[in-house]
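Here's the structure, in structure tokens; my notes come after.
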There are 4 protein chains.
Amino acid sequence: MVNIGIIGYGYWGPNLVRNFFLAQDCCVKAVADARYDRLAQLSKMFPTILGVTDAVDIINDPTIDAVVIATPVCTHFTLAHKALSARKHVLLEKPMTASVEEAEILINLAEQKGVLLMVDHTFLYTGAVQKMKQLVEERELGNIKYLDSTRINLGLFQSDINVLWDLAPHDISILNYIVDERPYSVNATGITHTKNSIENIAYLTVNYSSGFIAHFNCSWTSPVKVRMMLIGGDQKMILYNDLEPTEKVKVYDTGYTYANDEEKKQVLVDYRTGDIHVPKLATTEALLSMANDFITCIQEKKQPVSSCHLGLDVVRILEASSKSIKHSGTEIILETPSVPVIKKGYEALI
Amino acid sequence: MVNIGIIGYGYWGPNLVRNFFLAQDCCVKAVADARYDRLAQLSKMFPTILGVTDAVDIINDPTIDAVVIATPVCTHFTLAHKALSARKHVLLEKPMTASVEEAEILINLAEQKGVLLMVDHTFLYTGAVQKMKQLVEERELGNIKYLDSTRINLGLFQSDINVLWDLAPHDISILNYIVDERPYSVNATGITHTKNSIENIAYLTVNYSSGFIAHFNCSWTSPVKVRMMLIGGDQKMILYNDLEPTEKVKVYDTGYTYANDEEKKQVLVDYRTGDIHVPKLATTEALLSMANDFITCIQEKKQPVSSCHLGLDVVRILEASSKSIKHSGTEIILETPSVPVIKKGYEALI
Amino acid sequence: MVNIGIIGYGYWGPNLVRNFFLAQDCCVKAVADARYDRLAQLSKMFPTILGVTDAVDIINDPTIDAVVIATPVCTHFTLAHKALSARKHVLLEKPMTASVEEAEILINLAEQKGVLLMVDHTFLYTGAVQKMKQLVEERELGNIKYLDSTRINLGLFQSDINVLWDLAPHDISILNYIVDERPYSVNATGITHTKNSIENIAYLTVNYSSGFIAHFNCSWTSPVKVRMMLIGGDQKMILYNDLEPTEKVKVYDTGYTYANDEEKKQVLVDYRTGDIHVPKLATTEALLSMANDFITCIQEKKQPVSSCHLGLDVVRILEASSKSIKHSGTEIILETPSVPVIKKGYEALI
Amino acid sequence: MVNIGIIGYGYWGPNLVRNFFLAQDCCVKAVADARYDRLAQLSKMFPTILGVTDAVDIINDPTIDAVVIATPVCTHFTLAHKALSARKHVLLEKPMTASVEEAEILINLAEQKGVLLMVDHTFLYTGAVQKMKQLVEERELGNIKYLDSTRINLGLFQSDINVLWDLAPHDISILNYIVDERPYSVNATGITHTKNSIENIAYLTVNYSSGFIAHFNCSWTSPVKVRMMLIGGDQKMILYNDLEPTEKVKVYDTGYTYANDEEKKQVLVDYRTGDIHVPKLATTEALLSMANDFITCIQEKKQPVSSCHLGLDVVRILEASSKSIKHSGTEIILETPSVPVIKKGYEALI
């Protein structure tokens, strides 16, 4: 049995509580939030959970094994650092931290303390992403050539992070999960329509040495909600529409080949369209699977699907995107990671 | 009566012939195409039109008043230059030319010769674009803040121009038609999946001094066809989906306002959602309207809706986009036009 | 404070519990279900609610004021009769009873005992139906001419009632709520693909003296889920698509007029298409509104929106539809109600 | 070479002319229409075709081999009778005739004269219907259980035939083409909103002895256009949406099985959902294929896909539907055909 404390009971908090409530082998002991009205809501829906106003009460509680941090990004580092220092396992909401440096310090600290540090990239646990991962791994698509993502809606303007940091982590985590190649550089452009210089519309291109390309279109100011991703291979292509109730993933038997016509000095490209296949997806609740993965990995000393290393790679791209926007879209080369990627059990290093 | 010759009878040629056939006060006299099978098709469908293999036969024909050029872009300049020199009115398919320099030379030549030079940006004549132009002009949207366009499908790989030059002219012409402000700079990224270095996927951001931003997503390698444009104002927003049979333009009574909370040092943004309105659109055939505009402007010595100046502005953005792609997405500042924009009759300068 | 007992904790039970949990001025004291595993689920999610295996324990409990009955239709009459006899207010799930006779007995009993008898036609409380009711009442549609409903999906085959009794109550309740005219007759056809003679596909036409017509298409064996209703007036028409996340109700400025051309002995009909309007809908939770209506009507001795009289009228149409199916689609004239429709407070009769 | 005359140049006429223009081995010699403006339009678009005002000029022309009749239904019999009597091959627009009796007389006359009588049920030649026919024949769907069709839009009110005679022939022809079993009876209901007693909304159920059922929902007064058909088998089911540009036919790996639980005296039905498959369809132009079939069958003395016998079966159902509507929805048993169905060459009988 893993005893859990949750810090932050805002928009996402109730979902976390309910799913850890349903998860195996764990018990939600306490929730911290500085706002009294949020704690009142908590006690109405979950009368058995202790509500506290100070996160320190959770971090210092010796009966609590693991801490879930669902607060604004700017507070992630300090809270997670305290919790890891107190040898608590930590689950951080996405994005992991406000910088690569913060993420690397936390990863090193977790390894040093021998505890699990995980990031909640919930989408990785959906039936849709699991199916796409499988299709790419089994080389159904052939060589993958591009990923194109649009995630726009009329959304809450965040006051601490821009629209890429807010919305793109979902799609970048999917990119990093599905594509093995390490990205080479990024370009990003964007605009702010408020006075606080925080972009509410932004576009991100991620470049790869192999010729693969990924693009992300994010906006808080679209009148319509779009959650669409294309993944193109030279054999087949995927359309992933997360708003479709049942047909989220469509596989198009579509591809293109090219030949060099030496005589005419031109390139001939043929494309091909065929049948479309809509695979049935697993209908598991992604957030519950994520919660179960957290608990299981604590108990079995494993790295979860949504690991801190994947979380760091997402922050690396986000940090570079902010730098590119600041420099008018200039290409920013992604640095080699200073923290080695560990795929094994998290205990391996201690 | 305006006598017309059409050069190029490829994919678009038959549509041009049929619509000039139906247009008022004009007669399609001859069509030139070097391919015999194309001329055979012409004579089957339109037995009264003369087919010739050499464009010069049309340009030199003294009974022909106006020449329509529907050949690959790389040939536009030479053919148009010859036709204008022979004092023919000229309609060029989009994009106008392969460079800003070429376009400027042609514009100057047309003015010097006192003939009409027009570019076929057909979309400007659709009921949808006309309605959007009207909504923006009447300030229904308030201050417009962004335009976001996606034009992707499984398309023919062109061998002379990249995907932006092929697909984006439609959307850039709409941008230039609807937005009065002159763009400041562009950033573009893209990738080629063939050996000829011609991008088949590309992304373009057009930046404006006022904070307006436009973005274009173009691809020949999407398994699904998307023709979608968002135009956002602070009062209302438009979704333009060209694939919708009847509800192409939707107007969302949606907007956002922001306030500076001095005390808390943060920006508060409120957004608002309201009703949606789907205006009935004029059902005129756009290509026929374009043809009629060409004929009327020749006869009345006026500038058409789809003028050579608008065509030049499209090429200016395309040329800068190619430069940006070549320089890894670096911002390219758009030069001030050396040809003055003329909104009056084309005869004004001669 | 109204103390509530709920009989039946099947598919719909948890939703009822949760919403009465959230409703004002009421307390869910006990839930009855004969299945131990259902009671175990109850105590996990709602540890404060008493679970009992025998419904009689709830009906006989003097501290319970009102009983919610969410069991199979065939048990509605007996359970409701017992509860009303014990002077409990009763909320019955739809359809109200298995016959008109049963419904009339219950209505008379409730009036005699001076308690509230209500039927849970949840859809009447949705923002969509409220908006449609308003549009019809304000005569936005002009004279309404037809209602056409399709409610099909791959659904659970019920073992006690056919597909019309299972699915059509939603749409018939909307029909009866929106249309004032009393229906004249029904025709129904259908088919069973099992051995138990319970139709899994059925079609129902409801005829009105005025020329209004309503049609219902219901199926448990459709591979796709459709929840669509058209309501046509001679001025405007409504498309109600309940599966649309945001644009559930569309109002078409579309209509038709006809003229009698005496000379040519023919009827000329003109139709007109105009703009489409998508009104913003109230986003209240329908089931919670229904629960609140039940509590408020108990306290204020009023008739609810989803009254027992409306519930009876739904059963009247269903009963006639079964008779028509049994007689190969023959028209069945609807009898005049023997229970007077009361729109005032339920206490008025005692 | 087959010389063709076309009678009637209304809405559908130009499409017929253009496709017979493109068809192999035939020549459109003349078109008859009493309206001068229609003949003017003809001569503008097709200057080589002779326009006449009297159909008799076509029927009596000895150089014309075949007559296409695209006039109102009430004139089909007289015109076709004259043409067949003059030993012309005849193609009738759908529906074939205004009554079963008329159709049977024409079929007998055609056989007696040794000429081809064909009905233009164009939909049978679409890639979608061809694919569905193949799927049913190859027993991909298992035993087919139902067909459910909706064909509604804001349509022209016909002054001679009701909405079933106008719209349902498309869907009934598909039904008859795909389903081998002979229908047993029909029920139909409907309503007229004009003074001429011609239904503008109507519903038709076609019953089969085996338990198969077909239903048709037709309306001229829907604000939205729907062209949807479901065909359900116990192994797989088809959704055919004719308005989808590319994904017209979807095959759902969905089915249901039932077991009789003797002990509990109840029927247990299981349903199953699986993948969805969207087959690529042939992209042939249906009207051109129909025209080619007409010409080929004349030349090779074969019966076409869209034969007069299939056309008669459509009329048989339509005639019974009118009778059922007149008798308030009463079931009308379909009579056994008095004309034997011939699948072989049309010359077989002479």
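Proximity of backbone amide H atoms, modeled 1.01 Å from N, is registered between residue B:329 and B:188 at under 5 Å, excluding neighbours fewer than 5 places apart on the same chain.
Normalised radius of gyration (Cα atoms, divided by 2.2 N^0.38 Å) for segment B:151-190: 1.37. Dipole magnitude for chain C: about 500 debye, using +1 per Lys or Arg Cβ and -1 per Asp or Glu Cβ, origin at the Cα centre. Reducing segment C:8-54 and segment B:127-199 to their Cα centroids gives an inter-centroid distance of 57 Å.
Scanning residues 5 or more positions from residue B:68 or on other chains, those with amide H under 5 Å from its amide H are B:5, B:6, B:7, B:91, with H placed 1.01 Å from N in the peptide plane.
Computed FRET efficiency, Cβ-Cβ of residue A:87 and residue C:275, R0 56 Å: what is it to the nearest 0.05? Using R0 = 56 Å, I get an efficiency of 0.30. Less than 14 Å Cβ to Cβ from residue A:164, Lys/Arg counted +1 and Asp/Glu -1: what total charge do the surrounding residues give? Net charge in that neighbourhood comes out at 0.
Considering every alpha-carbon pair of segment D:21-170, the percent of pairs per 10 Å bin, from zero through the bin containing the longest distance, is 9, 30, 33, 21, 6, 1.
For chain A, the relative contact order comes to 19 percent (Cα pairs under 8 Å, sequence separation of at least 6). Looking at the protein assembly as shown, the pairs of alpha carbons with a distance over 63 Å make up 20% of the total. For labels at residue B:140 and residue D:195 in the simple 7 Å Cα→Cβ model, what's the distance in nm? Each label point lies 7 Å from its Cα, and together they span 3.9 nm. For segment D:188-261, the equivalent ellipsoid derived from the Cα gyration tensor has semi-axes of 30, 20, 8 Å, listed largest first.
Using only C-alpha atoms and all pairs of different ones, pull out the Kirkwood radius for segment A:127-277 in Å with one decimal. In segment A:127-277 this quantity evaluates to 16.9 Å.
Among A:171, B:33, the order by Cβ neighbours within 10 angstrom, fewest to most, reads B:33, A:171.
Close amide H pairs (under 5 Å, H built 1.01 Å from N) link residue A:143 with A:234, A:235, residues at least 5 positions away or on another chain.
Spread over its residues, the convex hull of the C-alpha atoms of chain B is 158 Å³ per residue.
Here the label points at residue A:284 and residue B:108, each 7 Å from Cα along the C-beta direction, are separated by 6.9 nm in the simple model. Computed about the Cα centre, the dipole magnitude for the protein assembly as shown is approximately 0 debye when only Lys and Arg (+1) and Asp and Glu (-1) carry charge, each at its Cβ. Between the residues B:135, B:9, B:178, the greatest Cα displacement towards the positive end of the dipole of chain B, with unit charges on the Cβ of Lys, Arg, Asp and Glu, is found for B:9. Each of C:248, D:44, D:301 was scored by other Cβ atoms within 10 Å of its Cβ. Listed from fewest to most, they are D:44, D:301, C:248.
What average number of partner chain Cβ atoms lie no more than 10 Å from the Cβ of the residues making up C:184-190?
Mean shielding by partner chains, rounded to a whole number: 5.
A simple rule links phi to the HN-Hα coupling: the Karplus curve 6.51 cos²θ - 1.76 cosθ + 1.60 with θ = phi - 60°, which for segment C:221-234 gives 10, 9, x, 10, 8, 10, 9, 10, 9, 10, 10, x, x, 7 Hz, with x for Gly and Pro. The mean sequence distance of close C-alpha pairs (under 8 Å, at least 6 residues apart), as a share of the length of segment D:127-205, puts its relative contact order at 28 percent.
Projected label points at residue B:22 and residue B:44, each 7 Å from Cα along the beta carbon direction, are separated by 2.2 nanometres.
Legend: ranking of residues C:35, D:18, B:182 from fewest to most surrounding C-beta atoms inside 10 Å; resulting order C:35, B:182, D:18. The mean number of partner chain beta-carbon atoms within 10 angstrom of a residue's beta-carbon across peptide C:324-337 is 3.
The mean sequence separation of alpha-carbon pairs under 8 Å and at least six residues apart, normalised by the residue count of segment D:127-277, gives a relative contact order of 26 percent.
In order along segment D:145-150, the Karplus-derived 3J(HN,Hα) couplings, from 6.51 cos²θ - 1.76 cosθ + 1.60 at θ = phi - 60°, round to 10, 7, 9, 10, 10, 10 Hz, and Gly and Pro are given as x.
Would you please report the Å³ per residue occupied by the convex hull of the alpha carbon atoms in segment D:81-153?
156
Here is how the number arises for the protein assembly as shown: DSSP H runs of 4 or more residues each give -39500 (n - 2.57), the sum is divided by the residue count, and the result at 222 nm is -10000 deg cm²/dmol.
Please give the average number of partner chain Cβ atoms lying within 10 Å of the Cβ of each residue in B:140-147, rounded to a whole number. Neighbouring Cβ atoms belonging to other protein chains average 2 per residue here.
Bear in mind these aren't lab numbers, they're just calculated from the coordinates by the rules spelled out. None of these values were measured; they are calculated from a predicted model. Cβ: placed from backbone, ideal geometry, glycine included. Neighbour counts: every protein chain shown.
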